[in-house]
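One structure is given below, encoded as structure tokens.
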Amino acid sequence: MNPLRLAAVAALLAASTQAHAYVRSTTDVGNPGAGTCLWWGQRTVSFAVNATSAANPPNRAACPDCAPCQDASAAASLVAATLPTWSGATRAGESQACTDFAFQSAGTTDKVAVGNDGVNLIVFRSGQCQDTSVVPQNDACRNTVGACAAKYNCWEHDVTGTIGLTTVSFNGKTGQISDADIELHGWNGHNPPNGSYFTCAESPSCGSAPYASSPLPTACAYVDVASIALHEAGHVLGLDHTCEYAAPYDSCTAGSVMQPTIPTGQTRRALDADDVEGVCTIYPRGAATLTCAPVAGKSSGGCATGGGGGLLAIAAALLARLRRRRS
Ligand SMILES: [Zn+2]
């Protein structure tokens, strides 16, 4: 290759590096600059939804107005209708989707256990597993990671500001994904709350403290199920957070679905240009999946709401802010 041609190629590479802000998940969890990228071998990924707890906080008897998402079928339908948004990723000026990656609904399920079992699950949790009113103190499930969540459909993760968490199972050498499950951290029914007051309406905003009003609002947006499901589905297909890591992974646009936080009352139900580039770069329509060079295990990433503006990468800081907003 002569020097001129080499320079042109280098310039092209530089331009394409600056053109996007999406970040790919890798086998080195939380370190997008290391490991090998995660990807699906097939273009159609099915998912099953368990939303039975979406309208049933554990202490519902003490909270008869608690119906965060009207009912379970409304929540499940909204999730099923939302995931195909990724399949419709279309670049500006183009009329056809630039990817042929597709999420396919396998209906609803009563399954609650997460793991590499061939079922890509989206499950609403409610109540904290560590709460003894949810899981008896002497229950043997407390001795096994994941067992209490599987028995009581409770939230077992200890990051209380986290809204959703996606567990991706992959081949540690190739990065090929074999299973991905989404857990959504629903409200426990208490006030002050633990977990998120999920809503299904896109607008208007519920305001700052729907938990405190009576009757509780249902036709408004607080923690929008569709926005959270769309974000977590981005993790399922192999995208990591924008604006969470050091340069060159620290840029994002205001509407990016893959930002790690979302202010309460806001919705992000549409892909922005970076999200579109992400899915279309990995799974370009009619062309080979873009893998990247270079370990076994699981990747878990928590996502949370942020109050007001700005982005917060640390769930603990986020929780403190939410508590202040509720007080
Ligand atoms: Zn996330």
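Scan the range 170-188 for residues that are buried (at least 22 other Cβ atoms within 10 Å of the Cβ) and either closer than 20 Å to ALA226 by Cα or not aromatic (Phe, Trp, Tyr) (or both) and the total you get is 11. When the range 179-211 is filtered for residues that are touching a Lys or Arg at 6+ places or on another chain (Cβ under 8 Å), modelled with pLDDT under 70 and outside any loop (DSSP other than H, G, I, E, B), only TYR211 remains. Filtered by the rule that a residue be touching a strand residue (DSSP E or B) at 6+ places or on another chain (Cβ under 8 Å) and buried (at least 22 other Cβ atoms within 10 Å of the Cβ), the range 245-264 gives MET258, PRO260, THR261, THR264.
Residues in the range 265-291 that are touching a strand residue (DSSP E or B) at 6+ places or on another chain (Cβ under 7 Å), of a type in the set (Lys, Arg) and farther than 26 Å from THR174 by Cβ: 1 in all. Just to be sure before I move on: is GLY255 part of a loop (DSSP other than H, G, I, E, B) and away from the ligand (no atom under 16 Å from the Cβ) in the structure I sent? When the stated conditions are applied, GLY255 does not pass them.
The values are calculated or read from the model by the stated rules, or taken from the named source; none is laboratory data. Being a predicted model, the structure only gives us computed values, none of them experimental. Using ideal geometry, Cβ is built from the backbone for each residue, glycine included, and neighbour counts are taken over all protein chains shown.
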